[in-house]
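Below: one structure, written as structure tokens.
The values are calculated or read from the model by the stated rules, or taken from the named source; none is laboratory data. Only a predicted model underlies this, so the values are computations on that prediction, with no experimental measurement involved. All Cβ positions, even for glycine, are placed from backbone atoms using ideal geometry, and neighbour counts span all protein chains on display.
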Ligand SMILES: CC(C)(COP(=O)(O)OP(=O)(O)OC[C@H]1O[C@@H](n2cnc3c(N)ncnc32)[C@H](O)[C@@H]1OP(=O)(O)O)[C@@H](O)C(=O)NCCC(=O)NCCS
């Protein structure tokens, strides 16, 4: 097998994307895989200088066919000792060493970029998935286990109203507002702080990733990336004395709106205990029902140690639907 560089504007990239689509379909036969356009937009962002995260792509080719895909993401504003690795092998070409060869290439590239830790996520729709066995085989450590929970829409209105009244009663003095795709200018600095806190306050197990460096420009960069990837982002926030103290984001892929992904939700520590998490999530659910009623399911991932967030999600009706594990390895110099 040969490993070659590829990228969003390369003729091989469609086949590279197809490896991901086939992998996702094998794991989730009833869900539409991410469209190639999403990988292309992300790839362009990663390969354009100036962004908070840079990246590179490789294709594993056997007999003229792309059989494996590697993407390496390199944070440049923070966590500069870490590289994130995405690797997939087409289901028809597994257990022949393709994944191992791509992993070795990822290690080489990460070292060349001066990184000392590699981090990868494994989607676990059920027990005993290949990715975990593969990571264990290569001596990686499992640093975090998260449970996926799905909410089927529409949510029962009675359940939502009861939760909403309780949350409103518990959060007097807070105002809730919603926006779509673009954070209001006046809230941008506060929103950046909330992203910074997301990177430290969310239970992250032993994943060797530290605080992220967010400012207003990075929030705008993230918004642009989401739009470029064909997503619309519905957000809600809670204001206290004019400052944004809580937020939640929901990403809807517009080409396949049946399934949306819950992105971050955070309440600043000094404002916890007022049901603001539930309030902002309910506000977004109401926006979603009004603006993008095609969404039938929302997926969210939480560490089981994140009891407050899991409690909010279960009260809303989210139910277990698989898992996600995060693995890492340290790269010792010269090995
Ligand atoms: C994980 C993945 C990349 C492995 O690709 P691959 O080309 O089949 O991997 P390799 O042939 O190099 O396997 C190396 C070793 O990993 C272990 N392994 C890989 N797949 C396994 C499976 N399904 N069950 C048990 N062990 C497995 C074995 O020890 C294997 O060695 P062996 O075949 O000699 O027993 C592939 O299954 C895949 O694309 N999965 C979905 C995406 C994913 O989870 N990526 C992993 C991110 S870390």
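Condition first: part of a helix (DSSP H, G or I), within 16 Å of the ligand (Cβ to nearest atom) and assigned by TED's automatic domain parsing to the domain that holds residue 107. Can you find one or more residues in the range 30-45 that meet it? It would help to see each step written out before you state the result.
Step one: filter the range 30-45 for residues part of a helix (DSSP H, G or I), giving 36-45.
Right, trim to within 16 Å of the ligand (Cβ to nearest atom) and you get 39.
Keeping just the survivors that are assigned by TED's automatic domain parsing to the domain that holds residue 107 gives 39.
Within the range 30-45, one or more residues are part of a helix (DSSP H, G or I), within 16 Å of the ligand (Cβ to nearest atom) and assigned by TED's automatic domain parsing to the domain that holds residue 107.
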What number of residues within the range 25-43 satisfy the criterion of being buried (at least 16 other Cβ atoms within 10 Å of the Cβ) and either touching a residue at least 40 places away in the same chain (Cβ under 8 Å) or closer than 21 Å to residue 259 by Cβ (or both)? 11
It is to be established whether one or more residues within the range 162-185 are in contact (Cβ under 8 Å) with a residue 12 or more places away in the chain, buried (at least 16 other Cβ atoms within 10 Å of the Cβ), more than 16 Å from the ligand (Cβ to nearest atom) and within 24 Å of residue 321 (Cα to Cα). yes
Could you check the range 276-308 and list, in sequence order, the residues that are touching a strand residue (DSSP E or B) at 6+ places or on another chain (Cβ under 8 Å) and either under 19 Å from residue 206 (Cβ atoms) or not assigned by TED's automatic domain parsing to the domain that holds residue 175 (or both)? 301, 302, 303, 304
Which of the residues spanning the range 73-103 are more than 11 Å from the ligand (Cβ to nearest atom) and in a loop (DSSP other than H, G, I, E, B)? 76, 77, 78, 79, 80, 81
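Yes or no: residue 136 more than 7 Å from the ligand (Cβ to nearest atom) and modelled with pLDDT of 95 or more? Show your work before the answer.
Details: more than 7 Å from the ligand (Cβ to nearest atom): yes; modelled with pLDDT of 95 or more: yes.
When the stated conditions are applied, residue 136 passes them.
Count, please, the residues in the range 266-294 that happen to be outside any helix (DSSP H, G or I) and touching a helix residue (DSSP H, G or I) at 6+ places or on another chain (Cβ under 6 Å).
Quick first cut of the range 266-294, residues outside any helix (DSSP H, G or I) only: 266-268, 272-275, 292-294.
Pick out the ones that are also touching a helix residue (DSSP H, G or I) at 6+ places or on another chain (Cβ under 6 Å) and you get 266-267, 274-275.
Result for the range 266-294: 4.
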Tell me which of these residue 69 doesn't satisfy, since it passes every other one: (1) near the ligand (Cβ under 8 Å from one of its atoms); (2) within 14 Å of residue 1 (Cβ to Cβ); (3) crowded, with 22+ Cβ neighbours inside 10 Å. (1)
Within the range 109-125, the residues that are away from the ligand (no atom under 12 Å from the Cβ) and either in a loop (DSSP other than H, G, I, E, B) or more than 23 Å from residue 205 (Cα to Cα) (or both) are 109, 111, 112, 113, 114, 115, 116
Taking residue 4 and the conditions (1) out of contact with any helix residue (DSSP H, G or I) (no Cβ under 8 Å at 6 or more places or on another chain); (2) over 25 Å from residue 254 (Cα atoms); (3) within 16 Å of the ligand (Cβ to nearest atom), which numbered condition does it fall short on, given that it satisfies the others? (3)
Criterion (in a loop (DSSP other than H, G, I, E, B) and near the ligand (Cβ under 10 Å from one of its atoms)) met by exactly one of 128, 106: 128
Can you name the condition, by its number, that residue 81 falls short on among (1) under 22 Å from the mean Cα position of the chain (by Cα); (2) free of Cβ contacts under 8 Å to residues at least 12 places away in the same chain? (2)
